[in-house]
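Everything on this sheet refers to the single structure shown next.
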Amino acid sequence: MVGGGTAVGEGVLEELLAYAPSVARVAGTNRYETAARISGLEPVTRGGTVYVATGGGFPDALAAAAQAGQRDSPILLVRPGNVPDATADALRDLAPTRIVVAGGPGSVSEEVLAELGTFAGEVERRGGTNRYETAVLLAQDTEPGRVLHVSVATDFADALAAAPVAAAEGGAVLLVAPDRVPAATRQAVGDLRPERLVLTGGPGALSRETEREMLRLVPVDQPAPAGPRAGP
């Protein structure tokens with residue numbers, strides 16, 4: 001269980017014990033410490049790749065989650081203008097050879113990028129002009145023909161649920177607006193030619209028009225977007 005008592009109450013912990021013999025809470029005094037403590041759990045290994053995203057918003061970290069999961073890499077959080085002490089300590093312990101920064105300069109400043117360079121030999125930014133482009137840039141590591149999960153970018157829950165499944169399938173999470181498919185996302189679907197598209201979220205999250213637009217992006221020789229759809 002991730003998060004302190006204000007995020008996930010003790011009552012929830014007690015309920016979860018009905019489904020498992022033990023439940024462990026991983027939490028720090030803030031989101032930065034919590035992410036740092038998660039980075040110390042298996043199967044994360046030292047000396048690999050670490051993904052870094054802003055702690056001030058959710059879309060970039062969510063888009064990076066599938067890629068990080070495939071590499072047993074953690075996601076650490078930074079403030080737009082500095083690297084918190086907990087994050088710096090985690091980076092020293094992990095000793096990464098490569099850091100991938102999810103998000104543009106508006107999310108993670110150039111000053112933070114330079115500071116991250118003191119913890120790894122290679123620091124690469126994957127950041128577009130908006131959250132949709134950033135998700136597409138992160139998905140560039142995905143091989144064509146994989147499964148793509150598509151979630152709305154205006155809320156975190158659906159993409160959060162999709163990310164571990166996408167990681168297990170070697171796929172990626174792409175983002176759309178509730179009522180439209182951004183140009184960058186359309187282009188990525190065309191380039192990656194997925195085996196299958198999975199739309200995560202009900203009509204309250206993804207409109208029927210967005211669903212129809214995604215359907216039109218599927219090549220005629222490929223399966224249609226999977227259903228039923230998960231979400232509200």
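Here are the numbers for the structure shown:
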{"item": "Cα pair distances exceeding 17 angstrom across segment 31-127, given as percent", "result": "39 percent"}
{"item": "Listed peptides 61-68, 15-22, 82-89 by packing density, highest first (mean Cβ within 10 Å)", "result": "61-68, 82-89, 15-22"}
{"item": "Between 0 and 90°, nearest 10: helix 183-192 axis offset from the chain longest Cα axis", "result": "80 degrees"}
{"item": "Segment 31-127 - charge dipole about Cα centre, Lys and Arg +1 at Cβ, Asp and Glu -1, debye rounded to 20", "result": "180 debye"}
{"item": "Mean separation of Cα contacts under 8 Å (6+ apart) over length of segment 129-232, as relative contact order %", "result": "31 percent"}
{"item": "Given charges at beta-carbon only (K, R positive; D, E negative), |dipole| of the chain in Debye", "result": "360 debye"}
{"item": "Peptides 116-122, 184-190 ordered by average Cβ neighbours within 10 Å, highest first", "result": "184-190, 116-122"}
{"item": "Between 0 and 90°, nearest 10: helix 59-70 axis offset from the chain longest Cα axis", "result": "80 degrees"}
{"item": "Most mobile listed residue (Pro96, Pro59, Pro74) in the chain, GNM with C-alpha springs under 10 Å", "result": "Pro96"}
{"item": "Global geometry of the chain, whether rounded, prolate or oblate, following the gyration tensor of its Cα atoms and the 1.5 cut on a/c", "result": "oblate"}
{"item": "Angstrom value of the Kirkwood radius, inverse mean 1/r, which spans all Cα pairs in segment 129-232", "result": "13.2 Å"}
{"item": "Residue-averaged 222 nm ellipticity for the chain, from DSSP H runs of 4+ at -39500 (n - 2.57), nearest 500", "result": "-10500 deg cm²/dmol"}
{"item": "Dipole of the chain, positive direction: furthest Cα of Val198, Leu13, Thr54, with charges on the beta-carbon", "result": "Val198"}
{"item": "Positive-end extreme of charge dipole, the chain - chosen from Ala135, Ile75, Ala157 (charges on Cβ)", "result": "Ala135"}
{"item": "Principal-axis tilt of helix 208-217 within the chain, Cα atoms, nearest 10 degrees", "result": "80 degrees"}
{"item": "Alpha carbon convex hull of segment 66-173, volume per residue in cubic angstrom", "result": "105 Å³"}
{"item": "Debye equation applied to the C-alpha atoms of segment 83-134, log10 I(q)/I(0) at 0.20 Å⁻¹", "result": "-0.68"}
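Here, each number is a calculation from the coordinates, and none is a lab measurement. On a predicted model such as this, the values are computed, not experimentally measured, just so you know. With ideal geometry, Cβ positions are generated from the backbone for all residues, glycine too; neighbour counts draw on all protein chains shown.
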